[in-house]
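Novice: Structure incoming, see below.
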Amino acid sequence: FKNLQVLYINHCSLSGKIPDWLSKLPNLGMLFLQGNKLTGPIPEWISSLNFLFSLDISNNSLTGEIPSALIEMPMLESDNTAPKVFFELPVWNKNQFLQYLKPSAFPKELNLAMNNFTGMIPAAIGRLQGLFSLNLSSNRLSGEIPEQICNLTNLQMLDLSGNHLTGKIPAALSNLHFLSRFNISNNDLEGTIPNVGQFSTFPDSSFGGNQKLCGPMVANHCGSAEASSVSIDHIKQIGSEAIIFMTAFGVFFVVGVLYDQKVLSRHFG
Ligand SMILES: *[C@@H]1O[C@H](CO)[C@@H](O)[C@H](O)[C@H]1NC(C)=O
Ligand SMILES: *[C@@H]1O[C@H](CO)[C@@H](O)[C@H](O)[C@H]1NC(C)=O
């Protein structure tokens, strides 16, 4: 079906790899394979689907790293190419109660949530300027949140929750003015939660489950964390002063003993 533009096979217990024959559908715009039992990696040919702008492969058992091919998807790289849709408009989206009146209203999105993807979030993700929604939640991604994610200025939804991400929250994320849904809960992030721009509008649950994060939204307040690190430094300083004193005392003691012995041996030797 060379003209197929939308393929929706959610929750069908499909198993095996993402089939290669999908690569022969040059007009495919939207691919939904959510809630199946698919395994294996995201295929390299994904970037050859020139019109693909919406991919939902969430809730499967897919593995491997986020491939560079995914970051070369032509429709997602540009924010001024409207999705090519031939079907009649308006279209109703049953799940989101949205009515699409023109092609450009279709959201460009990537949903890789609830799989077994590993490795880091590639820095090149910043090239997907067209993205409206990025969901990488509930995988095994590690490393830091790349600074380049802040280049995705059209993002309205970003979900990185339930991974093993470390490091600080890039401050420039607060420049994403359209971001209205954001979740980084249940990772291993640290440092201060920015409290500017959009950040002050997200619920506390967006940040929970990160032991080392601090800010007004989480149980761990930054002031107390800083205070405790200051007092540890103070103890360390007291410790090093004590070492200097003990060393000086020891040196004087040894010199004194040697001198005494010399004096005594002169008198009684
Ligand atoms: C994941 O997919 C399975 C199988 O279709 C379904 O039973 C389950 O409810 C899905 N989970 C979520 C959170 O969507
Ligand atoms: C991300 O995708 C998962 C699985 O489909 C879903 O449960 C979750 O609500 C999504 N995140 C957001 C912020 O919509």
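Novice: Residue farthest toward the positive end of the dipole of region 6-220, with Cβ of Lys/Arg at +1 and Asp/Glu at -1: which of Pro41, Asn183, Leu55?
Specialist: Leu55
Novice: Starting from the Cα of Ser61, step 7 Å along the direction of its Cβ; do the same at Lys37; then give the gap between the two resulting points in nm.
Specialist: According to this spin-label approximation, the distance is 0.7 nm.
Novice: Could you give the distance between the Cα centres of region 124-166 and region 37-82, to the whole Å?
Specialist: 14 Å
Novice: While we're here: If the convex hull of the alpha-carbon atoms of region 133-225 is projected onto planes in all directions, what is the mean projected area in square nanometres?
Specialist: Orientation-averaged projected area of the Cα hull: 5.1 nm².
Novice: For Thr153, list long-range residues whose amide hydrogen, built 1.01 Å from N in the peptide plane, is under 5 Å from its own amide hydrogen.
Specialist: none
Novice: Another question, then. For the pair Thr166/His11, report the inter-label distance in nm, with labels modelled 7 Å from Cα in the Cβ direction.
Specialist: Here the answer is 3.9 nm between the modelled labels.
Novice: Using the crude model of +1 on Lys and Arg Cβ and -1 on Asp and Glu Cβ, and no other charge, please compute the dipole size for region 6-220 relative to its Cα centre, in debye to 20.
Specialist: Around 360 debye, computed over region 6-220.
Novice: Here's another thing I want to ask about it. Give me the net charge of Gly130's neighbourhood, meaning all other residues with Cβ under 11 Å from the Cβ of Gly130; Lys, Arg count +1, Asp, Glu -1.
Specialist: Computed value for this residue: -1.
Values quoted throughout were computed directly from the atomic coordinates according to the rules given, and no laboratory measurement underlies them. In this text the structure is predicted, and so the values were computed from the model without any measurement. Reconstructed Cβ throughout: ideal geometry from the backbone, glycine too, with neighbour counts over all protein chains shown.
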